[in-house]
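First the structure, in the form of structure tokens, and then the observations on it.
Quick note: the coordinates plus some simple rules give every number you see, no bench work behind them. What you see is a predicted model; the values in this text were computed from it and never measured. All Cβ positions, glycine included, derive from the backbone under ideal geometry; neighbour counts span all protein chains shown.
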Amino acid sequence: MPRTTHLAAAALLLFTTACGTAAPEKGPTMPTKSGTGQVRTDLEPLTTRFPALAEAESARWMSGTLGDDRVPGPSTYWIDAIVTLPPSLVAKLSPNAHDDKAEPAVVEGLQDQLPDGPYLTGPTLDDAFAAQGWSATAYLAKDANTVVLVAKGQ
């Protein structure tokens with residue numbers, strides 16, 4: 001094999017190896033939750049958006065927008081809520097839910113107020129709280145009458 005062929009093969013090998021060792025690109029990052037930082041306890045805004053909470057006894061919640069407020073366009077809103085429910089409603093919601101070891105991904109202002117796990121979750125539970133342009137991931141505290149909602153809407 002001529003020397004130029006060896007050099008060309010070596011150069012090609014070096015080039016493809018160098019290109020193949022680039023760091024992998026990071027996937028899309030989750031948009032940041034921005035808001036006032038105020039923990040609210042009023043029920044009416046929650047019960048209006050989530051009819052399944054009509055019987056709620058108390059709540060601690062925060063809300064705001066997702067992403068960068070400087071970017072024009074429609075906003076996506078978020079609500080993280082810890083809601084105490086009557087035992088009768090908990091009994092209706094829990095039969096189709098299953099154990100989940102995941103902690104609800106709530107904003108920092110609510111993290112220290114989360115009920116102890118484990119939590120019950122599932123599509124049926126999420127669907128019970130999805131309404132009027134809002135989707136929700138619901139976590140029902142297994143040993144408490146408390147649901148944690150991580151919701152988004154427009």
### Net charge of Cβ neighbours under 9 Å - reference residue 121; Lys, Arg +1; Asp, Glu -1
-3
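How do 58, 75 line up, fewest other C-beta atoms within 10 Å first?
Arranged by neighbour count, lowest to highest, 58, 75 become 58, 75.
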### Task
Could you please rank 101, 33, placing first whichever residue has the fewest other Cβ atoms within 10 Å of its Cβ?
101, 33
### Task
Sequence neighbours fewer than 8 away in the same chain don't count; with that in mind, list the aspartates and glutamates whose C-alpha is under 12 Å from residue 33.
68, 69, 80, 108
### Task
Sticking with the crude label model, points 7 Å out along Cα→Cβ, report the distance from residue 55 to residue 40 in nm, one decimal please.
2.4 nm
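What is the local net charge at residue 146, summed over the other residues whose Cβ is closer than 12 Å to its Cβ (Lys, Arg +1; Asp, Glu -1)?
-1
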### Contour minus Cα-Cα distance for residue 111 and residue 48 (0.36 nm per residue)
20.3 nm
### Neighbour-count order for 119, 77, fewest beta carbons within 10 angstrom listed first
77, 119
